[in-house]
Amino acid sequence: MVDANQVLYGITVIASLVVIGGGAVAVYVYWSWRRFASGNWTIRSIGFYPEAKNIKIEQTM
């Protein structure tokens with residue numbers, strides 16, 4: 001039989017990893033958005049047609 005403390009410990013470890021991973025993703029998104037918003041990047045074109053589902057972004061010097 002599985003001990004309740006082991007189950008709670010497993011849930012706590014998984015939740016901690018999710019929180020740490022989410023924080024890392026949030027920091028990366030914030031950093032990349034700040035870099036994009038600072039003018040180092042420019043949007044070349046945005047395709048809205050089904051065959052062109054992409055945004056072309058290039059770095060400006």
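Nothing in this text is a laboratory measurement; each read-out follows from the coordinates by a stated rule. Note that this is a predicted model, so its numbers are computed, not measured.
On full extension, the segment bounded by Y28 and A4 gains 5.0 nm, given 0.36 nm per residue less the C-alpha separation. Couplings 3J(HN,Hα) of segment 16-31, computed from phi: 5, 4, 5, 5, 5, x, x, x, 5, 5, 5, 5, 5, 5, 4, 5 Hz, in residue order, whole Hz [Karplus 6.51 cos²θ - 1.76 cosθ + 1.60, θ = phi - 60°; x for Gly and Pro].
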